[in-house]
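Readers should treat all values here as calculations from the given coordinates under stated rules, not as data from a laboratory. Keep in mind it's a predicted model, so treat the numbers as computed, not measured. No Cβ is skipped: glycine too gets one built from the backbone with ideal geometry, and neighbour counts run over all protein chains shown.
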Amino acid sequence: MARLLNRFYDVSNGSVAIDGHNVKDYTLLSLRENVGVVLDEAFLFSVSIADNIAYGRPDATMAEIEAAAQAANAHEFIIKLPDGYNTVVGERGYTLSGGQRQRIAIARTLLVNPPILILDDATSAIDVHIEAGIYDALRLLMSTRTTIVIAHRISTIALAQRVVVLDDGRVIADGTHEELLATSPLYGDILAQSVRSEQ
């Protein structure tokens, strides 16, 4: 679903709309400038970390790149690398851990500063203590934009004002976290599985 919104794929039936306008009516450039997506498997290029963060805004200043990295809780590990922000990551970024790649991908999206932000299990590989610092920054950023969070972790779900539960591609329940705990057995089961997997 996250990939449909900015047209990585097109729907075969029905339509996907933003503000009542079919996404097919927007140019791909306009759509992707306004819809930022951070996927669970972050893709990095074999260039410097600074260039990876600035990929969507190559004209960004170093101060802006560092501010985005700090908001994504990535600055501390970056400055400890041999060449800091000039460190070249290996092909697809595999010289870094999964959590480090995810934080750089989050920083890249925050630097673009899109009005619509999609986080698709974007912190799944990040330690829960580091994740808490990222969420502090995201709460501030989410207050001024539409954010869609796809997640199974309770800590991530807690960011949402409205939670939608999907089962086999269909919406089966929606409401606040508290409402769903009281009314949706499947929601409780999903959370219980998430807690077990984190232990």
| remark: D (µm²/s, integer) via Stokes-Einstein for segment 37-159, Kirkwood Rh across alpha-carbon pairs, 25 °C, 0.890 mPa s: value 173
| query | Which chymotrypsin sites (Phe, Trp or Tyr not before Pro) from segment 1-77 combine a DSSP loop assignment with at most 16 other Cβ atoms within 10 Å? | reply | PHE8, TYR9, PHE43, PHE45
| said: What do you get for the angle between helix 128-142 and the principal long axis of the chain? Use alpha-carbon atoms, 0 to 90 degrees, nearest ten. | reply: 80
| said: What's the magnitude of the charge dipole for the chain around its Cα centre, counting Lys and Arg as +1 and Asp and Glu as -1 at the beta-carbon? Answer in Debye, nearest 20. | reply: 220
| Cα convex hull of segment 58-119: how many Å³ per residue? | 97
| request: Collect residues whose amide H, placed 1.01 Å from N in the peptide plane, falls under 5 Å from the amide H of ILE118; neighbours closer than 5 in sequence don't count. | output: GLY36, VAL37, VAL38, ILE148
| Roughly how tilted is helix 98-112, in degrees to the nearest 10 and between 0 and 90, from the longest Cα axis of the chain? | 90
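Output the antiparallel fraction of DSSP beta bridges having both residues in the chain, as a percent to the nearest 5.
Values: 9 of 18 bridges.
Antiparallel bridges: around 50 percent, rounded to the nearest 5.
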| note | Per DSSP, the loop-located trypsin sites (Lys or Arg not before Pro) within segment 9-91 having at most 12 other beta carbons within 10 Å are LYS80
